[in-house]
Amino acid sequence: MEYVAAEKAQQIIDRWDRKPENIIEMMHDIQNEFNYLPYDILMEVSQRANVPIAKIYNIATFYNAFSLKPKGKHRIHICMGTPCHALGAERLVSAIERELDIKCGDTTKDMKFSLDICGCVGTCGLAPVVIIGDELYGPISVQGVPKLIKKYEGK
Ligand code: FES
């Protein structure tokens, strides 16, 4: 694993010209490739790109797009902005928790789905909004949740 982490870290750093100011782009590449930010790769990037690991962790915990925990193949986000919240986003969270048998913030045992909340994504006219991967759905009702999840079960 050490060799793989070192090699992967080097590829990503090279892609961004080894510049410390490109650390967020490097982290996006890691997140996209692994669906989270593995510790060993962050350590390699920290050392090779000369960016303190504390700074990388600060960035990782500040931005919703990053996760330090492994996430599912299909990342589900429920918008909790004011319009979505007012139109039942919390009920959607509960419905998806029940459907997947996980709590918000967790990932299913088969690593297929993870569930998180997010801030307004700018499509309030479609509230309440559910985002799965790159796809946005809305308005989604509690009754519509099983059908929506089913769409991704075979993928
Ligand atoms: S509040 Fe959900 S899209 Fe704006």
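The values are calculated or read from the model by the stated rules, or taken from the named source; none is laboratory data. For clarity, every value in this text was computed on a predicted model and none was experimentally measured. No Cβ is skipped: glycine too gets one built from the backbone with ideal geometry, and neighbour counts run over all protein chains shown. Areas reflect the complete protein model, heavy atoms only, side chains present, ligands, DNA and RNA absent. Shrake-Rupley method; radii C 1.70, N 1.55, O 1.52, S 1.80 Å.
Among helices (runs of 4 or more DSSP H) lying entirely in region 8-91, which contain 2 or more residues that are charged (D, E, K, R) and without any contact (Cβ under 8 Å) to a residue 40 or more places away in the chain?
Because the criterion is at least 2 residues that are charged (D, E, K, R) and without any contact (Cβ under 8 Å) to a residue 40 or more places away in the chain, the helices (runs of 4 or more DSSP H) in region 8-91 that meet it are 23-34, 39-49.
Give the residue that is most open to solvent (accessible area, probe 1.4 Å), with candidates limited to residues of region 48-91 that are more than 16 Å from the ligand (Cβ to nearest atom) and of a type in the set (D, E, K, R).
LYS73
Could you list all residues from region 121-139 that are modelled with pLDDT of 95 or more, away from the ligand (no atom under 11 Å from the Cβ) and either of a type outside the set (Phe, Trp, Tyr) or surrounded by fewer than 13 Cβ atoms within 10 Å (Cβ to Cβ) (or both)?
If the condition is that a residue be modelled with pLDDT of 95 or more, away from the ligand (no atom under 11 Å from the Cβ) and either of a type outside the set (Phe, Trp, Tyr) or surrounded by fewer than 13 Cβ atoms within 10 Å (Cβ to Cβ) (or both), then ILE132, GLU135 are the ones that fit.
On the basis of being touching a residue at least 60 places away in the same chain (Cβ under 8 Å) and away from the ligand (no atom under 16 Å from the Cβ), does TYR152 make the cut? Let's see the steps before the verdict.
Working: touching a residue at least 60 places away in the same chain (Cβ under 8 Å): yes; away from the ligand (no atom under 16 Å from the Cβ): yes.
In short, yes.
Give region 24-41 a look and list any residue that's within 9 Å of ALA9 (Cβ to Cβ) and touching a Phe, Trp or Tyr at 6+ places or on another chain (Cβ under 8 Å), or say none.
If the condition is that a residue be within 9 Å of ALA9 (Cβ to Cβ) and touching a Phe, Trp or Tyr at 6+ places or on another chain (Cβ under 8 Å), then MET26, ILE41 are the ones that fit.
Of (1) open to solvent by 50 Å² or more (accessible area, probe 1.4 Å); (2) more than 19 Å from GLY119 (Cα to Cα); (3) modelled with pLDDT of 90 or more, VAL45 satisfies all except one. Which?
(1)
Quick one: in region 92-120, which of the residues that are in a helix (DSSP H, G or I) and within 16 Å of the ligand (Cβ to nearest atom) is surrounded by the fewest Cβ atoms within 10 Å (Cβ to Cβ)?
Step by step, filter region 92-120, then rank; the result is VAL93.
Looking at region 2-23, can you tell me whether even one residue there is of a type in the set (Gly, Ala, Ser) and open to solvent by 30 Å² or more (accessible area, probe 1.4 Å)?
Within region 2-23, none of the residues are of a type in the set (Gly, Ala, Ser) and open to solvent by 30 Å² or more (accessible area, probe 1.4 Å).
Among the listed residues LEU68, LEU37, LEU42, LEU87, identify the single one that is within 24 Å of VAL129 (Cβ to Cβ) and of a type outside the set (Ser, Thr, Tyr).
Residue meeting the stated conditions: LEU87.
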